[in-house]
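Undergrad: What follows is a structure written as structure tokens; I'll ask about it next.
Throughout, read-outs are computed from the coordinates displayed, never taken from laboratory work. All values reported here derive from a predicted model rather than from experimental measurement. With ideal geometry, Cβ positions are generated from the backbone for all residues, glycine too; neighbour counts draw on all protein chains shown.
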């Protein structure tokens, strides 16, 4: 745990700016401790589809955040790990006009990873050339550690947090957030703003002010089976029909407007000498703005069979609406830019194709800034890593944002 060193507190007056250089040195002094904490997190494997492993990670995180003054609350889940909420009270219970209760800042993230249990055996956590490698180190266990250290620094600097903070760590973000979405949205509605500790965009460390909406469709074709040698004319191939449907679906792509459609998985048939009675494709879709969802859904549900003896069934839809760059999102980015400028850092913004739980919070109108986490490359890949030297200023950026909202 970082020592509780006293530093200059932040003033909202231009005449009394915070001691940013001193604060940055604080986090630079904690860099090794931060790295050790990230390693601890990475070495507790927590695949989305392994509830016992994910729950072990959740319990460990609950203990760590409780040691930093948080009040853990577990939200049980049946099919995935339990989701974890940690509440930190503010130093002043009523800071707004009329003494009303100050809304918390919501720090949002996930502790599940895409890697199966046992990945550490072939992809060990290690340091090399100023980078830390390991499964989930970028996406997004380093982001969770940044939450922990930013909160502790603020408690040290202010003798308590300057405002309430809610941390919500979900167990199923990588597989759709089915058990956690409603809780995420409920907590966001109670919050002044949401800071998502997903990885930054690229090595330049940009925060994310827009994300595409994400969805999945499944198209199933049923045909008529027949012997491929004896009765080829009596069969109606589901595979052939599916191939023609995929060609039609490919025309839904409109990359210029940010719409992409990818049939990424195909299954069908039983044997080479049987005309296939069934075939299926699973399709990933991405949209840039919310109104594209209705149009795309209409196109999918309007598909008709080319072979009239085949039937089509379409399931699915958009799971995460786009995170659009609203006025609230832009205002948070402006605050982050101002904080970064104090460190002689030109903080950039980015719009990205992937989705996160920040899509949910932005989608219900809560100001959201994403990509506040670690800087690195290779999320979901064998070369996943973070740049260690970026950790101090990422921690300071997060601490400054919590103060300034």
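Undergrad: If each residue's Cβ is checked for other Cβ atoms within 10 Å, how do 157, 345, 20 rank with the fewest at the top?
TA: Final ranking by Cβ density, sparse to dense: 345, 20, 157.
Undergrad: Which values of log₁₀ I(q)/I(0), to two decimal places, follow from the Debye formula for the stretch 183-243 at q = 0.12, 0.27, 0.29 Å⁻¹ with a uniform point scatterer at every Cα?
TA: -0.61, -1.14, -1.19
Undergrad: Counting pairs of alpha carbon atoms under 8 Å apart in space and at least six apart in sequence, what relative contact order in percent does the stretch 214-319 give?
TA: Numbers: 221 pairs, mean separation 44.6, N = 106.
Reported as a whole number, the value is 42 percent.
Undergrad: Using Cα-Cα distances under 8 Å and only pairs 6 or more residues apart, what relative contact order does the chain have, in percent? All intermediate terms of the calculation are to be shown ahead of the outcome.
TA: On the way: 916 pairs, mean separation 88.6, N = 405.
Relative contact order here is 22 percent.
Undergrad: Next question, about the same structure. What is the helix-to-structure angle for 51-67, meaning the angle in degrees between its Cα long axis and the longest Cα principal axis of the chain, kept from 0 to 90 and rounded to the nearest 10?
TA: Between the helix axis and the principal axis of the chain, the angle is about 10 degrees.
Undergrad: With springs connecting C-alpha atoms under 10 Å apart, model the chain as a Gaussian network and identify which of 372, 140, 123 has the largest mean-square fluctuation.
TA: 123
Undergrad: For the chain, just the Cα atoms, rotate onto the principal axes and tell me the three extents in Å, largest first.
TA: Extents along the principal axes: 86, 46, 38 Å.
Undergrad: Provide the convex hull volume over Cα atoms per residue for the stretch 315-377, in Å³.
TA: Working: hull volume 6.2 nm³, N = 63.
In the stretch 315-377, the Cα convex hull volume per residue is 99 Å³.
Undergrad: Modelling each spin label as a point 7 Å along the Cα-to-Cβ direction, I'd like the residue 159/residue 313 distance in nm, to one decimal.
TA: 6.7
Undergrad: Moving on to the next point. Could you tell me what a quarter of the Cα convex hull surface of the stretch 142-285 works out to, in nm² with one decimal place? All intermediate terms of the calculation are to be shown ahead of the outcome.
TA: Details: hull surface 53.7 nm².
The orientation-averaged projected area of the Cα hull of the stretch 142-285 comes to 13.4 nm².
Undergrad: Give me the three principal axis extents of the stretch 207-307 from the C-alpha atoms, as integers in angstrom, largest value leading.
TA: Extents along the principal axes, in whole Å: 61, 25, 17.
Undergrad: Going by alpha carbons, how many degrees (0 to 90, nearest 10) lie between the helix axis of 238-250 and the longest principal axis of the chain?
TA: The helix 238-250 is inclined about 50 degrees to the chain.
Undergrad: If you take every DSSP beta bridge whose two residues both sit in the chain, what share of them, in percent to the nearest 5, is antiparallel? Please report the intermediate quantities before stating the final value.
TA: On the way: 52 of 69 bridges.
Percentage antiparallel, nearest 5: 75.
Undergrad: Sorting 311, 184 on the 10 Å Cβ count, fewest up front, what's the list?
TA: 311, 184
Undergrad: Rank these for me by crowding, 211, 131, 189, going from fewest to most other beta carbons within 10 Å.
TA: Values: 211 29, 131 17, 189 13.
Sorted ascending by nearby Cβ count, the order is 189, 131, 211.
Undergrad: Could I ask something else about it? On C-alpha positions alone, give me the angle between the axis of helix 20-29 and the longest principal axis of the chain, in degrees, nearest 10.
TA: 70
Undergrad: For the stretch 31-76, divide the Cα radius of gyration by the Kirkwood radius and give the resulting Rg/Rh value with two decimals. Walk me through the intermediate numbers first.
TA: Details: Rg = 11.7 Å, Rh = 11.5 Å.
Answer for the stretch 31-76: 1.01.
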